[in-house]
Every structure is written in C-alpha cells, then in structure tokens.
1. Has the stretch 190-200 got at least one residue that is under 20 Å from K324 (Cβ atoms) and more than 16 Å from ligand 2 (Cβ to nearest atom)?
2. When you look at A329, is it assigned to a loop (DSSP other than H, G, I, E, B), modelled with pLDDT under 95 and under 29 Å from the mean Cα position of the chain (by Cα), yes or no?
3. Search the stretch 220-257 for residues being part of a loop (DSSP other than H, G, I, E, B), among the hydrophobic types (A, V, I, L, M, F, W, C) and open to solvent by less than 50 Å² (accessible area, probe 1.4 Å), and hand back the single one that is nearest to S206 (Cα to Cα).
4. Has the stretch 48-56 got at least one residue that is part of a strand (DSSP E or B) and open to solvent by less than 60 Å² (accessible area, probe 1.4 Å)?
5. Can you name the residue in the stretch 284-306 that is under 17 Å from M1 (Cα atoms), assigned to a loop (DSSP other than H, G, I, E, B) and open to solvent by less than 10 Å² (accessible area, probe 1.4 Å) and, of all such residues, is modelled with the lowest pLDDT?
6. Is it the case that the stretch 267-281 has a residue that's closer than 30 Å to G349 by Cα, β-branched (V, I, T), within 12 Å of ligand 1 (Cβ to nearest atom) and surrounded by fewer than 22 Cβ atoms within 10 Å (Cβ to Cβ)?
7. So, in the stretch 196-210, of the ones that are among the hydrophobic types (A, V, I, L, M, F, W, C) and within 10 Å of ligand 1 (Cβ to nearest atom), which residue ends up surrounded by the most Cβ atoms within 10 Å (Cβ to Cβ)?
Amino acid sequence: MLSVSDAEAIILNLVRPLDQQRDIEIIDLFVADKRIISTPITSKLDFPHWDNSAMDGYAVRYQDVQHSSDAQPTILEIIEEIPAGYQPQCTVKAGQAARIFTGAVMPMGADTVVMQEKTRREENRVFILAAPQPQEFVRHQGAFYQAGQELLPRGVKLNPPEIAVLAAAQCAKLSVYRRPRVAIFSSGDELVTPDQPLQPGQIVDSNQYALAALVKEAGGEPLLLGIIQDNPDALRDAIAYAITHADIVLSSGGVSVGDYDYIDQILESLEAKIHIRSVAISPGKPLTVATFPTSHSPIYFGLPGNPASAMVTFWRFVQPAMKKLSGLATGWEPEFLQVRSHHELKSSGKRETYIWGSLHLIDGVYEFHKAGGSHSPGNLINLAQTNALAVLSVGTTLIAPQAEVKVLHLAFG
Ligand code: AMP
Ligand code: MG
C-alpha cells in the first residue's frame, strides 16, 4: 500500500498553483490579512526616507564637539528647533547646533546628534558635556531599505508584520491570489442535516461542517453542495457540477469497499485518472485522489466517511495541496514537532498512525496528551478541544510515557 509520504508527493505533484495573472484580485490593505501576494512588491521610498535623529538632543558637527567633556564642555549656538515632521530651514555651521527631536530630519551641515542627557541648556546656547561617536544617533536615509529593491517576494502570506511593512511602503491596495474554491459534498443515504429530526439509523452529516471550517481555516472558499444520496446518477451530477466550479473537490464517504461505495466507479465513468485509491494511514485508509482530462482539472479528494478519518486525511493531504494551490511559495508540507508524550501511545505498526490529543506547555516544554475516550475512527466526540495529532510511523507499536513523539500541531486561528 502507498506510504503517507509517497501519497503526499503524488498529491503535491498534481497541484498546479493559481495563475499569477488570471487568478488574482486587487484588495485593500485593511482586508489583506492572511492573503498571499501575487506580485513581488518594491517601493520607491528609501527607509528611512531622510537622515533623521534617533534621539531627543542636538544636531551638531562632529568636528566641533569631538573633544567635549564635563570639565571642558563645547558651547554651541542654537540656530533652529526641528520637531518631527518639519523641514529644517538653516544649515549648521561651525560653532552652531540645532535642537532636534526623535524622528526629525537632520539639518544640513550637521552629522551627529548629542542626546539631551549629555548637554546643559542656557537660553540659546547648549553646553556639550561629553564627546559623541562620529555620526552617533543619526539614522541614515536608506540604511534599512533602499528604493527599488524587492521588499516582499511573490507567494508570501501576509501576517501583521508584512501588513505593517506594506502600509509603510504606501501599498494601500495590492494584488493577491483569489481564494481557492473548494466544493464539498457528503455522500450517504443515512445522512441528515443538523436541523432535521433523526429517524432510526440516521446520523448527522458533520463532515460537511467540519470540512467547510477546515477549508476556511486554510484560506479557501467553500462551495457547499450538501448531502448526496448513495445513488450513481445523483452522485454523477454532483461530481460533474463540482469539477467545473472548483479548484479542489472534497467528498466524504462512499470510497470504501462496501456495496454502496460508488465514488471510484463514477469517477472512472467521467474519465478521471485515479492516482490514489488507498494509503497506509490510520485512520483514513480509503482515500481516493483523482484528476480529470480537462485543461484546468480540479483535484478530487474522495475522503473516507468516518469523521475522524475525514479530518485526519484533510490535515495530512488536502491542507498541503491547498497551500500549494493558493500560491504560497514555500512551506506546503505540514511541520512536525518533536515533543514528550504524557501517555503511552499504541499502534498496530502496520500503517502510519495518527492519534488525536492536545499540546500542553509544561515548564516550558511541550507535552502531548492523548485525548481521553475511544480512538475509534467512528468516534468524533473526543476530537473536541484537541489541537494536535501524534504520529507513529510504520513499524512503531509503542511510545512509552515520557518518551519523544512526533506531533502535528493543528494551530487554529
Ligand atoms: P462510508 O465511507 O460511506 O462507508 O462511511 C463510513 C462511516 O462514516 C459510516 O459510519 C458513515 O455513517 C460515516 N459517515 C459518512 N459520511 C459522514 C458524514 N458526512 N458525516 C458524519 N459521518 C459520516
Ligand atoms: Mg457511505
């Protein structure tokens, strides 16, 4: 059976990222948080924009004050006061200084700032009580960034630090990739919506809600197609609609080996190429991945119906695909942490096993706590309030308490 890492490689290889010209939108910087820039950004501005003072003090000529001391202060005439935001009017000449404040533009002639704590003021004269370093407390134009260089490359996700930089660079509007469109439907005759009364044998379609939330969390736009009965015609119509309206299609259920599991045969009747039929992962073994012979074929993920299996396979396979598709330049694969396990963890060792639980910071060290209750893939109740999956590789049957374990941190929000 296909290993998890081989399945991941096949999936990432199938993904064609959104087009940097066609699949974009121009948006306001105020709503750009978490979006991905589709054009490299440069600025016409130097940072700092002008030579300016890093201190409240006096702008001086270094050569005038280089021998100053408490015992032998240099006395300078104050010719101007320069608050932040003003354009200096005078040139500092020999024997002169300008009163200056943090962020204010350096006057012509001056090359150094003496902090006000190292001075004494007497009317329009200042006594320099200590020798500064040459050019001390001057932030030079272009020292942080020079106009025309690349400020941010294409494919960067905008978090608060990047938003701050773009605001400073006057990028009030910018070009980002549109959100990936992800069609979602659930298949199963037993499924009802949360607002319908349950008849014997029925269960609520929780996967539609879970997958919609996961897609939004991953920056996508869910397109909800509802519950489709285990009926080949209805399924064919739903799949045919989904593949013409989405970049990724997610169905849950109907991909196992039961008599009512029709998804694979319908995909084949639609001339899909099925790249994956099952993966050596627990939970989540029945996983179908397919593409269609159209030029902009979406990637079809037939996820298993069990709620825990659907979520684990989303995190492990769909999320990396969404990241690559969304235009993100790097960092598609999940990032694992090595942490300490609080509990004993067990696996059959036959498939890569994902055990849900939560990460806790204990004395500055992360510890994985396995969720209490049943770890049957059919149980979803104890998924609530978890934020991590411990990963036991093929061949590993036991992780002892306090031993190290690999963990996928599900960083929500
Ligand atoms: P299947 O893969 O269709 O054989 O479904 C496997 C198990 O998952 C069955 O117990 C289903 O009732 C359950 N299941 C399937 N789809 C959903 C869904 N959308 N929400 C919750 N449970 C589901
Ligand atoms: Mg079913």
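The values are calculated or read from the model by the stated rules, or taken from the named source; none is laboratory data. As the structure is a prediction and not an experimental result, all values here were calculated from the model. Neighbour counts are summed over all protein chains in view; Cβ atoms, including those assigned to glycine, are modelled from backbone coordinates with ideal geometry. These accessible areas exclude ligands, DNA and RNA; they are computed on the full protein's heavy atoms, side chains included. Shrake-Rupley method; radii C 1.70, N 1.55, O 1.52, S 1.80 Å.
1. no
2. no
3. Once the filter is applied, the top-ranked residue is V255.
4. yes
5. G284
6. Taking every residue of the stretch 267-281 in turn, none turns out to be closer than 30 Å to G349 by Cα, β-branched (V, I, T), within 12 Å of ligand 1 (Cβ to nearest atom) and surrounded by fewer than 22 Cβ atoms within 10 Å (Cβ to Cβ).
7. In this case the residue turns out to be A210.
Matching residues to (1) within 16 Å of ligand 2 (Cβ to nearest atom); (2) under 15 Å from Y300 (Cβ atoms); (3) of a type in the set (G, A, S):
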{"residue": "L211", "(1), (2), (3)": "yes, yes, no"}
{"residue": "L214", "(1), (2), (3)": "no, no, no"}
{"residue": "I228", "(1), (2), (3)": "yes, yes, no"}
{"residue": "D233", "(1), (2), (3)": "no, no, no"}
{"residue": "A246", "(1), (2), (3)": "no, yes, yes"}
{"residue": "V249", "(1), (2), (3)": "no, yes, no"}
{"residue": "G254", "(1), (2), (3)": "yes, yes, yes"}
{"residue": "Y262", "(1), (2), (3)": "yes, yes, no"}
